[in-house]
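The structure appears right after this line, and notes come after that.
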Amino acid sequence: MADLEIRNLHVRIEEHEILKGVDLDVSRGEIHALMGPNGSGKSTLASTLMGHPAYEITEGSITFRGEDITEQEPHERAKAGLFLAFQYPVAIPGVSVANFLRMAINAKRSGTDTQSGTGQEPITVKEFRNQLQHAVELLDVDRAFTSRHLNDGFSGGEKKRAEILQMAMLRPDVAILDETDSGLDIDALRTVAEGVQRLHDEQGLGALIITHYQRILHHVRPQFVHIMLDGRIVLEGGVELVERLEREGYDHLRQEFGASEAGAVAAGDGSG
Ligand SMILES: Nc1ncnc2c1ncn2[C@@H]1O[C@H](COP(=O)(O)OP(=O)(O)O)[C@@H](O)[C@H]1O
Ligand SMILES: [Mg+2]
């Protein structure tokens, strides 16, 4: 059984069915890439996994380590060991990156971020310092960065650095990363890709990297590649699929797999 199991997932936003039966398995220790043209439903899947209330699941299920989390709140999913990027997207005035990381670790330990209350002791100052030092070295982050105020004037790359540090410290089993295409420069993409690869190699992180861009995959080696088109996964394989996409583009794919059901409501504009 996979850690994260997505079965026949149908998701609707307002009147439009966006996901039309998605099946996907992600386990600890596996790096997956989910690719597809704009409007194919990638972010809808990410938001649904996150537990975003605007997305209505009309059919299917999401299971994490054997537990049905389809109806769970986002913080319960995080507690279970699922890491969803952009969990804390806001600037918190006066809180440094380091303090934020410590708060996040302690919230996870004490169970105050859920009602379940596992009641672990807070991390000691020394233990925290050691773990942080290890994480900044592993991820090649400037130590001074951890003294900056969280999200206060952060560039895209700095937000990503904070996120990947958070991942290193919280040690989730499976992380879902929706690398939206807008405003992310090469440097930021590389930070994420290399960070995920290192956390995979060192901690056995499992990850689902969602991206429109093939180039992020120059810095991370997914074992599994899934291609989404019109709310369905139409093609699965290894990295050779990425190379094929680079050669042929999404248009070719659309001709092969697209519009099989007349596009139906065709909410998307179809341009990639
Ligand atoms: N909040 C929303 N309200 C209405 N339609 C939406 C919303 N979010 C996404 N959609 C539609 O769902 C489809 C898939 O979008 P999205 O999941 O963002 O695709 P991708 O991330 O692959 O570009 C698009 O046709 C988009 O217009
Ligand atoms: Mg998207």
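All of the numbers you see were taken from the coordinates with simple rules; none came from a lab. No experiment lies behind these values; they were computed from the predicted model shown.
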Checklist outcome for this item: Partner lysines whose C-alpha sits under 23 Å from that of LYS20, ignoring same-chain residues fewer than 8 away, are LYS42
Checklist entry - Taking N as the number of residues in the range 145-242, what value does Rg over Cα atoms divided by 2.2 N^0.38 Å take? => result 1.12
Item to check | Cα radius of gyration and Dmax for the range 4-224 (Å) | outcome: 17.1, 53
Checklist entry - Can you run phi through the Karplus equation (6.51, -1.76, 1.60; θ = phi - 60°) for the range 150-156 and list ³J(HN,Hα) in whole Hz, with x for Gly and Pro? => result 4, 6, 6, x, 5, 6, x
Item to check | Length-normalised contact order of the chain in % [C-alpha pairs under 8 Å, at least 6 apart] | outcome: 28
